[in-house]
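Data first, discussion second: the structure below is written as structure tokens.
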Amino acid sequence: MMQSPTEYLPRLSQELGIELYAQRDDVLPFPLAGNKVRKLAAEFESYAALPDLVVTNGAIDSNHCRTTAFMAAHKGIAAHLVLHGDGSDPSAGTALSMLESLGATVSIVEPQQIRTSIEEVAATARGDGKSVEVISGGCHTPAGAIAYAAVGRSVFEDLKPDYVFVASGTGATHGGLAAAAAGVDRPPRVVGVSVARTQERGTKPVLEAAAWTGTSDVQVEFDDRFRAGGYGLVDDTTASAVRLGWSCGLPLDGTYTGKAFAALLAYRREDVPTGARVLFWHTGGMWNHISRLTRSGNHG
Ligand SMILES: *Cc1c(COP(=O)(O)O)cnc(C)c1O
């Protein structure tokens, strides 16, 4: 199991009147990548043999695609990324040149062409006698969820938190942690904070991920009140959570961790009692923060 530090946060604990810890998955090996490192390492380990080529998809600036390219380069296998988004955005140039330096090939397509594009790339490579693995977007895979269930169990058993807050996107991280909680003696309440999807759309993939771990009776709490209107959008609540984090030495971003931290702050006001032990599961997002600074030219 990949280890990351569980870090006590003295200033924020004092400020909020709770015992606050961060699980620093933002500093797993491979810079700027966060929870995708844990999910993708498990995904690659789940293959009986390494393929010649991996194919996956995501936004140009996707942490998942970047990490896939890193891992493929590290293992000496080819990666093809089917990307969507605006290639002329200033931060896109940086993201694309990093993918290129890792030796990945890319195609930028319209969202409705993603599926066919992946199938074509995979079919062509297989036609050339190559073995291919297609990884679903965001690494929303059983191996990814199982990896989070395993690390969640170990961290929850050691720390015995009362609450856990985590950014929830495609759902494997949240689903894995929710499953972990179901398997420990003293289960924390795991709050998955939506970074994009409404409750209606977002709950099912989390339940699916929890089911992949083989755990039954999993409680899924998916809160969509902090999504700020959707993926990559930031409101005042997100921005002030990000500022508070940075000012106390906890690096946050507006796309993912800032939303989860905004939820933590709101729950502390409404729900979390004084002195409670709270674990903020830090999933990464540094690259997203830097991209936002590049685009806006300020620190909002
Ligand atoms: C992808 C990502 C998430 C969401 O993880 P899922 O397993 O897709 O829900 C959260 N935080 C960061 C920084 C991410 O890159």
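Structural remarks
- Among residues of the range 26-39 that are more than 7 Å from the ligand (Cβ to nearest atom), those with a beta-carbon under 7 Å from a residue that is acidic (Asp, Glu) at least six positions away or on a different chain give the pairs Arg38/Asp25.
- If you go through the range 141-183 and keep only what is assigned to a helix (DSSP H, G or I) and of a type in the set (S, T, N, Q), you end up with Ser154, Thr173.
- Filtered residues of the range 1-20 (kept if under 13 Å from Val278 (Cα atoms) and open to solvent by 40 Å² or more (accessible area, probe 1.4 Å)): Thr6, Glu7, Tyr8, Pro10, Gln14, Glu19
- Of all residues in the range 123-148, those satisfying the criterion of being under 27 Å from Gln3 (Cβ atoms), open to solvent by less than 40 Å² (accessible area, probe 1.4 Å) and not small (Gly, Ala, Ser) are Ile135, Cys139, His140, Thr141, Tyr148.
- Of the residues making up the range 75-96, just one is free of Cβ contacts under 8 Å to residues at least 24 places away in the same chain and either within 14 Å of Trp287 (Cα to Cα) or within 22 Å of the chain's Cα centre (by Cα) (or both), namely Gly93.
- Selection from the range 222-261 of residues that are surrounded by 15 or more Cβ atoms within 10 Å (Cβ to Cβ), of a type in the set (Phe, Trp, Tyr) and part of a loop (DSSP other than H, G, I, E, B): Phe226, Tyr256
- Residue within the range 149-163 that is open to solvent by 10 Å² or more (accessible area, probe 1.4 Å), more than 15 Å from the chain's Cα centre (by Cα), of a type in the set (D, E, K, R) and closer than 17 Å to Asn35 by Cβ present: yes
- Extreme residue, farthest from Trp287 (Cα to Cα), among residues of the range 263-273 that are free of Cβ contacts under 8 Å to residues at least 60 places away in the same chain and part of a helix (DSSP H, G or I): Glu270
- Set Val27, Val55: member being within 19 Å of Gly138 (Cα to Cα), at pLDDT 95 or above, among the β-branched types (Val, Ile, Thr) and open to solvent by 50 Å² or more (accessible area, probe 1.4 Å): Val27
- For Glu270, the criteria (1) over 25 Å from Val37 (Cα atoms); (2) open to solvent by less than 30 Å² (accessible area, probe 1.4 Å) hold in every case but one, which is (2).
The values are calculated or read from the model by the stated rules, or taken from the named source; none is laboratory data. This is a predicted model, so every value here is computed, not measured. Neighbour counts are summed over all protein chains in view; Cβ atoms, including those assigned to glycine, are modelled from backbone coordinates with ideal geometry. Each accessible area value is taken on the protein alone, full model and side chains, heavy atoms only, with ligands, DNA and RNA left out. Shrake-Rupley method; radii C 1.70, N 1.55, O 1.52, S 1.80 Å.
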